[in-house]
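Q: Sharing a structure here in C-alpha cells format.
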Amino acid sequence: MDEPILAASILITDMFVGFHSTEGWEVILEGFLHHFGLPESKALINGFIATILVVIDSCIKFWIFSYLTRYSPSASTIYARMNT
C-alpha cells in the first residue's frame, strides 16, 4: 500500500469517526431524528457518540496497528507523525 494512500485513509477515518467529528455527528443525528419525527434527545445523541463512534474508532485504530503494520511497516510511523 502506498504511503500517501495510507496517510489519507487514516486522516479520513479520523475525521469521520474520531473525536474531531462530534459536532458533525450531532447535526446528522438531529436531522435524522427530526426527519423521522422522533424527539431530539441530547442524551441519546451524546450516548451514541460516546459509545458507538468510540468503539468504531478503536476498531479502526486496532486494525491499523495490527494488520497494516505487518503489511506496511511505515504505517505506524505515518500515524505517529500525524498525531504530533
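Q: Being surrounded by 14 or more Cβ atoms within 10 Å (Cβ to Cβ), among the aliphatic types (A, V, I, L, M) and farther than 30 Å from Ser72 by Cβ narrows it down to one residue among Leu29, Leu53, Leu38; which is it?
A: Being surrounded by 14 or more Cβ atoms within 10 Å (Cβ to Cβ), among the aliphatic types (A, V, I, L, M) and farther than 30 Å from Ser72 by Cβ holds for just one of Leu29, Leu53, Leu38, which is Leu29.
Q: Sticking with this one: Restricting to segment 11-26, name every residue that is under 30 Å from Thr77 (Cα atoms) and either charged (D, E, K, R) or more than 20 Å from the chain's Cα centre (by Cα) (or both).
A: The answer is Asp14, Glu23.
Coordinate-derived values only; no laboratory data. Since the structure is predicted, the reported quantities are computational estimates derived from the model, not experimental observations. Using ideal geometry, Cβ is built from the backbone for each residue, glycine included, and neighbour counts are taken over all protein chains shown.
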